[in-house]
Amino acid sequence: MVNNRQDVDDVVAITREIAQIRDEIAKLAANIRERTYVSPLKDDDAEGGGPREGEQNGWIELQQTLEEIRVKGGQALKDLKAEIEQHPLRSIAIAIGIGYVVARLFSRGRNR
């Protein structure tokens, strides 16, 4: 019985990691929108130059963050795949349970 609980805990932990990665991607997308917004009143090319030093550093930081997210996401997917391969029936049961809970949450929102 302890092993079953551990399996559920592992799947829950992986699900949380995936949610965390989604949050990081959402923050990254907001950061990209913020950094790439170009005012229609501002014309950098007219001033004679490409990206400024601050913008260049921002892009480097953005690339590093994207790489970190890619690595974390890849590892989380590998972990999830291994867990599913080790316990396919249990994984299906957990997925059905999570789907049921999510469906109930969404259906309650419509009834109000």
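Here are the numbers:
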item	result
Matching residues in the range 60-92 - criterion: being surrounded by 13 or more Cβ atoms within 10 Å (Cβ to Cβ) and more than 20 Å from Glu17 (Cα to Cα)	Leu62
Scan of the range 58-95 for residues that are under 11 Å from the mean Cα position of the chain (by Cα) and basic (Lys, Arg), ordered by number	Arg70, Lys72
Residue match in the range 36-50 (condition: modelled with pLDDT under 70, loosely packed, with under 11 Cβ neighbours inside 10 Å and basic (Lys, Arg))	yes
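The values are calculated or read from the model by the stated rules, or taken from the named source; none is laboratory data. Treat the numbers as computed from the prediction; the structure is a model and nothing was measured. Reconstructed Cβ throughout: ideal geometry from the backbone, glycine too, with neighbour counts over all protein chains shown.
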